[in-house]
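Read through the structure below, which is laid out as structure tokens, and then see the notes.
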Amino acid sequence: SSVVKIEEMINLCEKRFTRFEFRSRSNKGLSATLNESLEWCKGEFYSPIASDDMMLNNKTLDQVKLFIHHPDIDGVFGAVQEINEKNEKLDEIRQSDKIFGFNDLIYTDRFLPAPTQMLKLDIIKKAGGYVEGMIIEDWYIYLKVLESGNKILYKDDLYCYYRVHEGNTFSNPYSMGLGYLQVLNEFKDHELFKKAYIKACWENSLGTLRLDFKLSTSILIKRVFHKVRILS
């Protein structure tokens, strides 16, 4: 009943926000929907978030202040607090403060947590928007933004709750592995492409092995337990 719930709040939202619009239509896919939002957006900053994640109250104000204090920065990201389906707090995902350029993001063990993003709207529009069919559409658009020499600031402050569940793409090494290679293929002319591609293949192999081992172990335990029950 999501549509019904949102429709009940339309009057309140129209009073609270300068511009508000609610659209309900058939699913066109994530990248197409994000591009549709880019066409509608006005203003200086762009901050999309998945419907199962939540922004903290301080996020918008703190990030706008950072943009003011760092006029050479084109994006601001921060740390996330993991939560489960019951809104119970899990781990915090934190990294040290860092300014990212293209080379920093294409070949690194660090990442930019998507729920915390705030980017300059004109920069992301100049990057050409999202590519439909991309599994990791956010990593792609950040690389496109940085490809032109722009900079992104990661600040080690909590900005969002990130919901962890079995449906997360991030938790599926098969999808993540394919997604990384898919994105890297868009930058195959870059000097770091081969190095980043080999790293992605290696990490994908390790992730797949870990998942296969976990599944195999689980199946083995169930079979042993089943035989013990029969023998007893």
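The values are calculated or read from the model by the stated rules, or taken from the named source; none is laboratory data. Since we're looking at a predicted model, the values are computed, not measured. Cβ sites come from the backbone with ideal geometry, for glycine too, and all protein chains shown count toward neighbours. Side chains are part of the model used for accessible areas, which takes the heavy atoms of the whole protein and leaves out ligands, DNA and RNA. Shrake-Rupley method; radii C 1.70, N 1.55, O 1.52, S 1.80 Å.
Structure above, values below:
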| item | result |
| --- | --- |
| Answer label, with mean projected area of the Cα convex hull in nm² calculated from the coordinates and candidates [x] 19.1; [y] 14.7; [z] 16.5 | [z] |
| Potential extension, Phe22-Ile198 segment - 0.36 nm per residue separation minus Cα distance | 59.0 nm |
| Hits among lysines - C-alpha to C-alpha of Lys5 under 18 Å, sequence gap 8 or more where chains match | Lys15 |
| Accessible surface, 1.4 Å probe, highest first, among residues Asp156, Asp97 | Asp97, Asp156 |
| Estimated inter-spin distance, Trp40 and Met9, nm [label 7 Å along Cα→Cβ] | 1.4 |
| Percentage relative contact order, the chain, counting C-alpha pairs under 8 Å, at least six apart | 24 |
| Pairs from Lys125/Lys151; Lys155/Lys199; Lys144/Lys188; Lys28/Lys188; Lys42/Lys120; Lys65/Lys151 whose Cα-Cα separation, in the structure shown, is over 19 Å | Lys155/Lys199; Lys28/Lys188 |
| Average accessible surface area per residue within the chain, 1.4 Å rolling probe, Å² | 64 |
| Principal-axis tilt of helix 193-231 within the chain, Cα atoms, nearest 10 degrees | 40 |
| Sparsely packed trypsin sites (Lys or Arg not before Pro) within segment 97-172, loop by DSSP, other Cβ within 10 Å at most 16 | Arg110, Lys151 |
| Rounded tilt (10° steps) of 2-16 against the dominant C-alpha axis of the chain | 30 |
| With at most 14 neighbouring Cβ atoms within 10 Å, loop chymotrypsin sites (Phe, Trp or Tyr not before Pro) (DSSP) excluded, longest segment of the chain | 23-232 |
| Gained length - Leu206 relative to His165, 0.36 nm times residue gap less alpha-carbon distance | 12.6 nm |
| Segment Ser51-Asp97, length gained on full extension (0.36 nm per residue, minus Cα span) | 13.9 nm |
| Computed magnitude of the charge dipole of the chain (debye, nearest 20; Cβ of K, R +1, Cβ of D, E -1) | 680 |
| C-alpha long axis of helix 173-184 to longest principal axis of the chain, angle in ° | 40 |
| Segment 22-147 - percent of accessible surface contributed by carbon and sulfur, probe 1.4 Å | 50 |
| DSSP beta bridges in the chain [antiparallel fraction, %, rounded to 5] | 55 |
